[in-house]
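Below: one structure, written as C-alpha coordinates.
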Amino acid sequence: MNKNKLARRQFLAAASAGTVAAVTAQGITAHGDTDKKAGKLAILGGEPVRKNKSWPRWPYVDENVVNSIVKTTKSRIWCRIQSKTGTVPTFEKKFAKLIGTKLCVATGSGTQALHTCVEAFGIGAGDEVITSPYTDPGTIASILVSRALPVLADLDRESYQLDPDDVEKRITENTKAIMPVHMMGQPCNMDRIMEIAKKHNLKVIEDACQGHLSEYRGKKLGTIGDLGCFSFQSSKTIACGEGGAIVGNDAELMEKCYTVHNHGTSRRGTEVAGPKYRMNEFEGAVLLGQLPGVQERFERRNENANYLTSKLKGFPGLVPQKLYEGTASGSWYLYPMSYYKEHFNGASRDTFLKAVKAEGVGLSPYIGSGLHKDPWAKNILELRVYKDMFSKERLQRYSEENECPNCDKVCQEMVMLWASGPLLGTKNDMDDIVNAIFKVHENRDKLS
(Lines give C-alpha, C1' and ligand atoms only; values in the text may rest on other atoms or scores of the structure.)
Protein backbone atom coordinates (compact mmCIF):
# COMPACT_ATOMS: atom_id res chain seq x y z
CA MET A 1 0.00 0.00 0.00
CA ASN A 2 1.14 3.58 -0.73
CA LYS A 3 2.72 4.90 2.48
CA ASN A 4 1.27 8.35 1.96
CA LYS A 5 -2.23 6.86 1.90
CA LEU A 6 -1.52 5.05 5.12
CA ALA A 7 -0.17 8.24 6.67
CA ARG A 8 -3.50 9.94 6.18
CA ARG A 9 -5.19 7.48 8.53
CA GLN A 10 -5.29 9.07 11.96
CA PHE A 11 -4.48 6.68 14.76
CA LEU A 12 -5.24 7.85 18.27
CA ALA A 13 -4.71 5.40 21.08
CA ALA A 14 -6.69 5.75 24.29
CA ALA A 15 -4.78 7.91 26.71
CA SER A 16 -2.89 6.00 29.37
CA ALA A 17 0.32 6.35 31.34
CA GLY A 18 3.38 5.53 29.27
CA THR A 19 1.39 5.41 26.02
CA VAL A 20 2.44 7.44 23.02
CA ALA A 21 0.46 7.75 19.79
CA ALA A 22 2.25 9.25 16.82
CA VAL A 23 1.39 9.64 13.20
CA THR A 24 4.17 10.38 10.72
CA ALA A 25 4.48 10.64 6.99
CA GLN A 26 5.95 7.14 7.06
CA GLY A 27 2.87 5.56 8.65
CA ILE A 28 1.73 4.64 12.12
CA THR A 29 4.40 4.20 14.76
CA ALA A 30 4.39 1.61 17.50
CA HIS A 31 2.72 2.49 20.75
CA GLY A 32 1.90 0.95 24.06
CA ASP A 33 4.75 1.48 26.49
CA THR A 34 7.03 3.01 23.85
CA ASP A 35 9.23 6.05 24.05
CA LYS A 36 11.87 4.23 22.02
CA LYS A 37 12.31 3.31 18.39
CA ALA A 38 10.80 0.02 17.31
CA GLY A 39 14.21 -1.32 16.39
CA LYS A 40 15.25 -4.25 14.25
CA LEU A 41 12.82 -7.15 13.94
CA ALA A 42 13.66 -10.07 16.22
CA ILE A 43 13.13 -12.46 13.31
CA LEU A 44 16.03 -10.66 11.61
CA GLY A 45 18.26 -10.73 14.66
CA GLY A 46 16.96 -7.78 16.68
CA GLU A 47 15.97 -7.70 20.35
CA PRO A 48 12.43 -9.05 20.90
CA VAL A 49 9.76 -6.91 22.51
CA ARG A 50 8.96 -9.64 25.02
CA LYS A 51 11.85 -11.69 26.35
CA ASN A 52 11.97 -14.28 29.14
CA LYS A 53 8.40 -13.57 30.21
CA SER A 54 5.61 -16.08 30.72
CA TRP A 55 1.85 -15.76 30.38
CA PRO A 56 -0.61 -16.75 33.12
CA ARG A 57 -0.98 -20.51 32.89
CA TRP A 58 -4.19 -22.27 31.98
CA PRO A 59 -6.23 -24.20 33.02
CA TYR A 60 -6.55 -22.47 36.34
CA VAL A 61 -5.47 -24.37 39.45
CA ASP A 62 -5.37 -23.26 43.08
CA GLU A 63 -5.76 -24.89 46.48
CA ASN A 64 -9.56 -24.77 46.23
CA VAL A 65 -9.42 -26.95 43.10
CA VAL A 66 -6.89 -29.37 44.59
CA ASN A 67 -8.77 -29.69 47.89
CA SER A 68 -12.06 -30.26 46.08
CA ILE A 69 -10.58 -33.13 44.06
CA VAL A 70 -8.96 -34.68 47.14
CA LYS A 71 -12.23 -34.46 49.07
CA THR A 72 -14.11 -36.16 46.23
CA THR A 73 -11.49 -38.87 45.92
CA LYS A 74 -11.67 -39.69 49.62
CA SER A 75 -15.47 -39.65 49.64
CA ARG A 76 -15.65 -42.52 47.13
CA ILE A 77 -18.66 -40.77 45.62
CA TRP A 78 -17.41 -40.65 42.06
CA CYS A 79 -20.66 -40.88 40.08
CA ARG A 80 -23.50 -38.36 40.22
CA ILE A 81 -26.16 -41.00 40.87
CA GLN A 82 -24.48 -41.97 44.16
CA SER A 83 -25.57 -38.77 45.93
CA LYS A 84 -28.10 -36.00 45.45
CA THR A 85 -25.67 -33.64 47.15
CA GLY A 86 -22.52 -34.70 45.28
CA THR A 87 -20.31 -32.32 43.31
CA VAL A 88 -22.30 -32.58 40.06
CA PRO A 89 -25.77 -31.85 41.50
CA THR A 90 -24.21 -29.07 43.59
CA PHE A 91 -22.46 -27.58 40.57
CA GLU A 92 -25.69 -27.70 38.55
CA LYS A 93 -27.44 -25.56 41.16
CA LYS A 94 -24.56 -23.08 41.44
CA PHE A 95 -24.01 -22.78 37.69
CA ALA A 96 -27.72 -22.20 37.03
CA LYS A 97 -27.66 -19.39 39.60
CA LEU A 98 -24.46 -17.95 38.08
CA ILE A 99 -25.95 -17.93 34.57
CA GLY A 100 -29.40 -16.78 35.68
CA THR A 101 -31.60 -19.78 34.94
CA LYS A 102 -33.72 -22.00 37.15
CA LEU A 103 -32.18 -25.29 36.06
CA CYS A 104 -28.99 -26.90 34.76
CA VAL A 105 -28.09 -30.40 33.57
CA ALA A 106 -24.35 -31.18 33.52
CA THR A 107 -22.94 -33.42 30.78
CA GLY A 108 -19.63 -34.96 29.76
CA SER A 109 -18.90 -32.34 27.06
CA GLY A 110 -20.33 -29.37 25.20
CA THR A 111 -21.06 -31.61 22.22
CA GLN A 112 -23.05 -33.93 24.49
CA ALA A 113 -24.98 -30.95 25.82
CA LEU A 114 -25.91 -29.84 22.29
CA HIS A 115 -26.91 -33.34 21.20
CA THR A 116 -29.02 -33.78 24.32
CA CYS A 117 -30.95 -30.63 23.37
CA VAL A 118 -31.47 -31.83 19.79
CA GLU A 119 -32.90 -35.10 21.12
CA ALA A 120 -35.01 -33.36 23.78
CA PHE A 121 -36.73 -31.36 21.03
CA GLY A 122 -37.44 -34.57 19.08
CA ILE A 123 -35.31 -33.44 16.15
CA GLY A 124 -34.18 -36.34 13.99
CA ALA A 125 -34.09 -37.91 10.53
CA GLY A 126 -35.82 -35.71 7.98
CA ASP A 127 -35.37 -32.53 10.03
CA GLU A 128 -32.96 -29.64 9.45
CA VAL A 129 -31.05 -27.40 11.86
CA ILE A 130 -29.36 -24.21 10.71
CA THR A 131 -25.99 -23.43 12.27
CA SER A 132 -22.55 -21.98 11.57
CA PRO A 133 -19.74 -23.41 9.41
CA TYR A 134 -17.23 -21.54 11.57
CA THR A 135 -17.19 -23.60 14.74
CA ASP A 136 -15.88 -26.72 16.41
CA PRO A 137 -16.96 -29.96 14.66
CA GLY A 138 -18.90 -30.82 17.81
CA THR A 139 -21.60 -28.34 16.80
CA ILE A 140 -22.56 -30.21 13.64
CA ALA A 141 -21.80 -33.58 15.25
CA SER A 142 -24.63 -32.90 17.70
CA ILE A 143 -26.99 -32.66 14.71
CA LEU A 144 -25.52 -35.45 12.62
CA VAL A 145 -25.74 -38.10 15.36
CA SER A 146 -29.49 -37.52 15.43
CA ARG A 147 -29.47 -38.02 11.64
CA ALA A 148 -30.82 -34.53 11.07
CA LEU A 149 -29.35 -32.29 8.38
CA PRO A 150 -26.95 -29.49 9.46
CA VAL A 151 -27.60 -26.56 7.15
CA LEU A 152 -24.70 -24.12 7.26
CA ALA A 153 -25.41 -20.41 6.85
CA ASP A 154 -22.72 -17.89 5.99
CA LEU A 155 -21.10 -15.38 8.33
CA ASP A 156 -21.02 -11.69 8.94
CA ARG A 157 -17.40 -11.21 7.86
CA GLU A 158 -16.61 -8.64 10.57
CA SER A 159 -18.16 -10.36 13.60
CA TYR A 160 -17.37 -13.97 12.57
CA GLN A 161 -20.94 -14.80 13.64
CA LEU A 162 -23.92 -16.18 11.74
CA ASP A 163 -25.42 -13.73 9.27
CA PRO A 164 -29.14 -13.65 10.22
CA ASP A 165 -30.17 -12.71 6.67
CA ASP A 166 -28.46 -15.81 5.29
CA VAL A 167 -30.01 -17.90 8.06
CA GLU A 168 -33.48 -16.83 7.00
CA LYS A 169 -32.75 -17.57 3.34
CA ARG A 170 -31.90 -21.19 4.24
CA ILE A 171 -35.10 -22.01 6.11
CA THR A 172 -37.14 -24.81 4.50
CA GLU A 173 -40.29 -26.72 5.43
CA ASN A 174 -38.03 -29.21 7.24
CA THR A 175 -36.23 -26.65 9.42
CA LYS A 176 -36.89 -27.23 13.11
CA ALA A 177 -34.26 -25.17 14.90
CA ILE A 178 -31.50 -22.58 14.70
CA MET A 179 -28.25 -23.27 16.57
CA PRO A 180 -26.36 -19.94 16.79
CA VAL A 181 -22.73 -20.26 17.86
CA HIS A 182 -21.35 -17.43 20.00
CA MET A 183 -17.87 -17.51 18.49
CA MET A 184 -14.90 -16.47 20.62
CA GLY A 185 -17.38 -16.03 23.47
CA GLN A 186 -19.01 -12.93 21.99
CA PRO A 187 -22.78 -12.71 21.34
CA CYS A 188 -24.37 -13.36 17.97
CA ASN A 189 -27.00 -10.92 16.70
CA MET A 190 -29.59 -12.53 18.95
CA ASP A 191 -32.22 -9.85 18.36
CA ARG A 192 -32.49 -10.86 14.72
CA ILE A 193 -32.09 -14.58 15.35
CA MET A 194 -34.89 -14.65 17.91
CA GLU A 195 -37.05 -12.55 15.60
CA ILE A 196 -36.51 -15.04 12.76
CA ALA A 197 -37.17 -18.01 15.06
CA LYS A 198 -40.45 -16.52 16.26
CA LYS A 199 -41.54 -15.68 12.71
CA HIS A 200 -40.92 -19.24 11.47
CA ASN A 201 -41.84 -21.09 14.69
CA LEU A 202 -38.34 -22.49 15.22
CA LYS A 203 -36.52 -23.57 18.37
CA VAL A 204 -33.25 -21.86 19.32
CA ILE A 205 -30.43 -23.87 20.89
CA GLU A 206 -27.62 -21.51 21.87
CA ASP A 207 -24.15 -22.93 21.39
CA ALA A 208 -22.56 -20.83 24.11
CA CYS A 209 -19.72 -23.35 24.57
CA GLN A 210 -17.20 -20.49 24.37
CA GLY A 211 -19.43 -17.84 25.97
CA HIS A 212 -19.37 -18.29 29.75
CA LEU A 213 -20.88 -15.27 31.57
CA SER A 214 -21.06 -13.09 28.43
CA GLU A 215 -23.98 -10.66 28.44
CA TYR A 216 -26.25 -9.40 25.69
CA ARG A 217 -28.99 -6.88 26.39
CA GLY A 218 -29.04 -7.68 30.09
CA LYS A 219 -29.10 -11.47 29.66
CA LYS A 220 -26.27 -13.95 29.85
CA LEU A 221 -25.60 -16.08 26.79
CA GLY A 222 -27.41 -19.38 27.02
CA THR A 223 -30.50 -17.78 28.55
CA ILE A 224 -31.87 -16.05 25.43
CA GLY A 225 -32.93 -19.05 23.33
CA ASP A 226 -35.01 -22.06 24.37
CA LEU A 227 -31.94 -23.84 25.73
CA GLY A 228 -28.28 -22.91 26.16
CA CYS A 229 -25.18 -25.12 26.09
CA PHE A 230 -21.69 -24.68 27.52
CA SER A 231 -18.37 -26.52 27.32
CA PHE A 232 -15.84 -26.92 30.13
CA GLN A 233 -13.08 -28.40 27.97
CA SER A 234 -9.54 -27.59 29.17
CA SER A 235 -9.06 -24.46 27.06
CA LYS A 236 -12.38 -22.83 28.04
CA THR A 237 -12.59 -19.94 30.50
CA ILE A 238 -14.28 -22.30 32.98
CA ALA A 239 -12.63 -25.68 32.58
CA CYS A 240 -12.46 -29.21 33.96
CA GLY A 241 -10.76 -31.14 31.12
CA GLU A 242 -14.00 -32.10 29.43
CA GLY A 243 -17.54 -31.42 30.55
CA GLY A 244 -20.59 -29.47 29.49
CA ALA A 245 -23.89 -28.07 30.70
CA ILE A 246 -27.41 -27.29 29.52
CA VAL A 247 -29.30 -24.40 31.09
CA GLY A 248 -32.96 -23.43 30.85
CA ASN A 249 -36.09 -22.28 32.66
CA ASP A 250 -38.71 -24.66 31.25
CA ALA A 251 -38.94 -27.42 33.87
CA GLU A 252 -40.61 -29.91 31.53
CA LEU A 253 -38.05 -29.35 28.79
CA MET A 254 -35.12 -29.57 31.20
CA GLU A 255 -36.54 -32.82 32.57
CA LYS A 256 -36.47 -34.15 29.01
CA CYS A 257 -32.80 -33.13 28.81
CA TYR A 258 -32.10 -34.93 32.07
CA THR A 259 -33.84 -38.05 30.77
CA VAL A 260 -31.99 -38.06 27.44
CA HIS A 261 -28.56 -37.57 29.02
CA ASN A 262 -29.26 -40.27 31.63
CA HIS A 263 -29.44 -43.09 29.02
CA GLY A 264 -33.12 -42.36 28.47
CA THR A 265 -34.02 -42.87 32.13
CA SER A 266 -36.11 -40.24 33.88
CA ARG A 267 -36.61 -40.02 37.61
CA ARG A 268 -39.59 -42.39 37.07
CA GLY A 269 -37.72 -45.00 35.02
CA THR A 270 -36.54 -45.73 31.47
CA GLU A 271 -38.69 -43.80 29.01
CA VAL A 272 -36.84 -43.01 25.79
CA ALA A 273 -33.77 -43.98 23.79
CA GLY A 274 -30.85 -41.94 25.06
CA PRO A 275 -27.06 -41.95 25.45
CA LYS A 276 -25.14 -41.88 28.72
CA TYR A 277 -23.84 -38.32 28.94
CA ARG A 278 -23.54 -37.80 32.69
CA MET A 279 -20.77 -35.61 34.08
CA ASN A 280 -18.64 -37.43 36.66
CA GLU A 281 -17.97 -36.23 40.18
CA PHE A 282 -14.30 -35.43 39.55
CA GLU A 283 -15.24 -32.95 36.83
CA GLY A 284 -17.80 -31.48 39.19
CA ALA A 285 -15.14 -31.18 41.86
CA VAL A 286 -12.77 -29.24 39.58
CA LEU A 287 -15.57 -26.89 38.53
CA LEU A 288 -16.71 -26.24 42.10
CA GLY A 289 -13.11 -25.49 43.06
CA GLN A 290 -12.86 -22.93 40.24
CA LEU A 291 -16.13 -21.08 40.86
CA PRO A 292 -15.00 -18.73 43.67
CA GLY A 293 -12.74 -16.70 41.32
CA VAL A 294 -14.68 -17.08 38.08
CA GLN A 295 -16.30 -13.63 38.13
CA GLU A 296 -13.06 -11.83 38.95
CA ARG A 297 -11.21 -13.58 36.11
CA PHE A 298 -14.09 -12.80 33.74
CA GLU A 299 -13.88 -9.11 34.60
CA ARG A 300 -10.10 -9.04 34.20
CA ARG A 301 -10.33 -10.56 30.71
CA ASN A 302 -12.88 -7.95 29.72
CA GLU A 303 -10.73 -5.14 31.09
CA ASN A 304 -7.66 -6.35 29.19
CA ALA A 305 -9.62 -7.06 26.00
CA ASN A 306 -11.09 -3.56 26.07
CA TYR A 307 -7.60 -2.16 26.60
CA LEU A 308 -6.25 -3.99 23.56
CA THR A 309 -9.20 -2.83 21.47
CA SER A 310 -8.58 0.78 22.50
CA LYS A 311 -4.96 0.48 21.32
CA LEU A 312 -5.96 -0.95 17.95
CA LYS A 313 -8.78 1.53 17.36
CA GLY A 314 -8.42 3.09 13.92
CA PHE A 315 -5.54 0.84 12.86
CA PRO A 316 -6.47 -0.74 9.53
CA GLY A 317 -3.94 -3.58 9.55
CA LEU A 318 -5.50 -5.57 12.40
CA VAL A 319 -9.18 -5.01 13.09
CA PRO A 320 -10.69 -6.57 16.24
CA GLN A 321 -13.91 -8.63 16.06
CA LYS A 322 -17.04 -6.53 15.60
CA LEU A 323 -19.36 -6.65 18.59
CA TYR A 324 -23.10 -6.21 18.10
CA GLU A 325 -25.08 -3.45 19.74
CA GLY A 326 -26.29 -4.77 23.06
CA THR A 327 -23.07 -6.64 23.84
CA ALA A 328 -22.21 -5.74 27.42
CA SER A 329 -19.36 -8.21 27.97
CA GLY A 330 -17.76 -11.32 26.52
CA SER A 331 -15.98 -14.36 27.85
CA TRP A 332 -12.98 -13.52 25.63
CA TYR A 333 -12.12 -17.17 25.12
CA LEU A 334 -10.16 -15.81 22.17
CA TYR A 335 -9.19 -12.28 21.24
CA PRO A 336 -9.61 -12.31 17.43
CA MET A 337 -8.68 -9.82 14.72
CA SER A 338 -8.84 -9.65 10.94
CA TYR A 339 -5.42 -9.27 9.29
CA TYR A 340 -5.25 -7.11 6.16
CA LYS A 341 -1.96 -7.70 4.41
CA GLU A 342 -2.21 -4.59 2.22
CA HIS A 343 -1.36 -2.59 5.34
CA PHE A 344 1.73 -4.73 5.96
CA ASN A 345 3.36 -4.20 2.58
CA GLY A 346 1.58 -7.28 1.21
CA ALA A 347 3.17 -9.69 3.71
CA SER A 348 1.21 -12.92 4.06
CA ARG A 349 -0.57 -13.70 7.29
CA ASP A 350 1.90 -16.52 7.93
CA THR A 351 4.86 -14.16 7.54
CA PHE A 352 3.27 -11.63 9.90
CA LEU A 353 2.59 -14.33 12.51
CA LYS A 354 6.19 -15.58 12.39
CA ALA A 355 7.48 -12.03 12.85
CA VAL A 356 5.19 -11.36 15.83
CA LYS A 357 6.07 -14.71 17.39
CA ALA A 358 9.75 -13.82 17.21
CA GLU A 359 8.90 -10.72 19.24
CA GLY A 360 7.61 -13.01 22.01
CA VAL A 361 3.88 -12.76 21.29
CA GLY A 362 2.09 -15.87 20.03
CA LEU A 363 -0.75 -15.01 17.70
CA SER A 364 -2.13 -17.69 15.40
CA PRO A 365 -4.90 -18.55 12.93
CA TYR A 366 -7.92 -20.32 14.35
CA ILE A 367 -10.06 -22.47 12.06
CA GLY A 368 -8.25 -23.40 8.85
CA SER A 369 -11.37 -23.91 6.77
CA GLY A 370 -15.09 -23.85 7.41
CA LEU A 371 -16.98 -27.06 8.11
CA HIS A 372 -18.74 -26.71 4.75
CA LYS A 373 -15.40 -27.71 3.23
CA ASP A 374 -15.02 -30.92 5.24
CA PRO A 375 -15.77 -34.40 3.78
CA TRP A 376 -18.85 -35.05 5.96
CA ALA A 377 -20.96 -32.79 3.75
CA LYS A 378 -20.42 -35.16 0.83
CA ASN A 379 -20.33 -38.40 2.82
CA ILE A 380 -23.74 -38.03 4.46
CA LEU A 381 -25.39 -37.74 1.05
CA GLU A 382 -24.46 -41.38 0.46
CA LEU A 383 -25.97 -42.64 3.70
CA ARG A 384 -29.21 -44.58 3.37
CA VAL A 385 -30.95 -42.68 6.16
CA TYR A 386 -30.45 -39.37 4.38
CA LYS A 387 -31.49 -40.82 1.04
CA ASP A 388 -34.61 -42.28 2.66
CA MET A 389 -35.60 -39.18 4.61
CA PHE A 390 -34.80 -36.43 2.09
CA SER A 391 -35.78 -36.17 -1.54
CA LYS A 392 -33.13 -36.47 -4.23
CA GLU A 393 -33.88 -32.88 -5.21
CA ARG A 394 -33.36 -31.61 -1.66
CA LEU A 395 -30.02 -33.37 -1.29
CA GLN A 396 -28.87 -32.09 -4.67
CA ARG A 397 -29.84 -28.54 -3.73
CA TYR A 398 -28.16 -28.98 -0.34
CA SER A 399 -24.92 -29.92 -2.05
CA GLU A 400 -25.12 -27.03 -4.49
CA GLU A 401 -25.94 -24.44 -1.83
CA ASN A 402 -23.26 -25.55 0.63
CA GLU A 403 -21.14 -22.45 -0.05
CA CYS A 404 -20.11 -19.85 2.51
CA PRO A 405 -17.80 -17.29 0.86
CA ASN A 406 -17.65 -14.95 3.86
CA CYS A 407 -16.61 -17.86 6.06
CA ASP A 408 -13.85 -18.64 3.58
CA LYS A 409 -12.58 -15.05 3.87
CA VAL A 410 -12.69 -15.15 7.68
CA CYS A 411 -10.62 -18.35 7.70
CA GLN A 412 -8.03 -16.67 5.49
CA GLU A 413 -7.90 -13.36 7.40
CA MET A 414 -8.42 -14.06 11.08
CA VAL A 415 -5.62 -14.12 13.66
CA MET A 416 -6.17 -14.54 17.36
CA LEU A 417 -4.67 -14.45 20.79
CA TRP A 418 -5.79 -17.52 22.70
CA ALA A 419 -7.05 -15.62 25.69
CA SER A 420 -8.21 -17.84 28.59
CA GLY A 421 -4.81 -17.50 30.27
CA PRO A 422 -3.05 -14.58 28.52
CA LEU A 423 -5.89 -12.09 29.06
CA LEU A 424 -5.42 -12.59 32.80
CA GLY A 425 -2.06 -10.84 32.44
CA THR A 426 -0.98 -7.35 33.45
CA LYS A 427 -1.26 -4.10 31.51
CA ASN A 428 2.45 -4.51 30.72
CA ASP A 429 1.64 -7.86 29.13
CA MET A 430 -1.04 -6.16 27.03
CA ASP A 431 1.43 -3.44 26.02
CA ASP A 432 3.83 -6.17 24.87
CA ILE A 433 1.15 -7.46 22.51
CA VAL A 434 0.48 -3.99 21.10
CA ASN A 435 4.18 -3.14 20.82
CA ALA A 436 4.99 -6.39 19.02
CA ILE A 437 2.25 -5.77 16.47
CA PHE A 438 3.32 -2.20 15.79
CA LYS A 439 7.00 -3.02 15.72
CA VAL A 440 6.27 -5.47 12.94
CA HIS A 441 4.11 -2.85 11.21
CA GLU A 442 6.90 -0.24 11.37
CA ASN A 443 9.22 -2.75 9.76
CA ARG A 444 6.69 -4.00 7.22
CA ASP A 445 8.98 -3.14 4.31
CA LYS A 446 11.40 -5.80 5.62
CA LEU A 447 8.85 -8.63 5.75
CA SER A 448 9.19 -9.72 2.13
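At-a-glance table
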quantity	calculated
Förster radius 60 Å - calculated FRET efficiency between residue 445 and residue 66 (Cβ-Cβ, nearest 0.05)	0.70
Those Cys residues of the chain for which no other cysteine Cβ falls under 4.7 Å	79, 104, 117, 188, 209, 229, 240, 257, 411
Most mobile of 390, 344, 282 in a GNM of the chain (Cα contacts under 10 Å)	390
FRET efficiency, 1/(1 + (r/R0)^6) with R0 22 Å, evaluated for residue 291 and residue 255 via beta carbons	0.30
Amide proton proximity set for residue 109, modelled H, under 5 Å, gap of 5+	243, 244
Potential lengthening between residue 426 and residue 263 on full extension [0.36 nm per residue; Cα-Cα distance subtracted]	54.1 nm
Residue-span extension gain [residue 40 to residue 53] - 0.36 nm each, minus C-alpha spacing	2.7 nm
Which label in [x] 21.9; [y] 27.0; [z] 23.3 gives the computed Kirkwood radius over Cα pairs in Å	[z]
Share antiparallel - DSSP beta bridges, the chain, percent rounded to 5	65 percent
Accessible surface, per residue, of the stretch 44-127 when the full set of protein chains is kept, probe 1.4 Å, Å²	56 Å²
Label-point separation in nm, residue 85 to residue 369, each point 7 Å along Cα→Cβ	5.5 nm
Residue 306 paired with residue 357, simple spin-label distance in nm, labels 7 Å along Cα-to-beta-carbon	3.3 nm
Solvent-accessible heavy-atom area per residue, rounded to whole Å², over the stretch 268-340 at 1.4 Å	39 Å²
Helical mean residue ellipticity (222 nm; -39500 (n - 2.57) per DSSP H run of 4+; nearest 500) of the chain	-10500 deg cm²/dmol
Table column - 3J(HN,Hα) (Hz), the stretch 42-54, Karplus curve with 6.51, -1.76, 1.60, x for Gly and Pro	4, 5, 9, x, x, 7, x, 4, 10, 10, 6, 10, 10
Added length on full extension, which subtracts the Cα-Cα distance from 0.36 nm per residue, residue 165 to residue 400	82.7 nm
Order by protection proxy (mean Cβ within 10 Å, highest first), peptides 246-256, 44-54, 232-242	232-242, 246-256, 44-54
FRET efficiency estimate (nearest 0.05) - Cβ-Cβ, residue 391 to residue 342, R0 41 angstrom	0.35
Partners for residue 74 among lysines (Cα-Cα distance below 29 Å; same-chain residues under 8 apart left out)	84, 93, 94, 97, 236, 276
Apportionment of accessible area to carbon and sulfur, the stretch 51-165, percent (1.4 Å)	52 percent
Pairs beyond 25 Å (Cα-Cα), from 219/313; 169/256; 51/446	219/313; 169/256
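The values are calculated or read from the model by the stated rules, or taken from the named source; none is laboratory data. Keep in mind that this is a model prediction, so the values were computed, not measured. When we count neighbours, we look across all protein chains shown, and the Cβ atoms used for this are built from the backbone with ideal geometry, even at glycine. Keep in mind that these areas ignore ligands, DNA and RNA; they rest on the heavy atoms of the full protein, side chains included. Shrake-Rupley method; radii C 1.70, N 1.55, O 1.52, S 1.80 Å.
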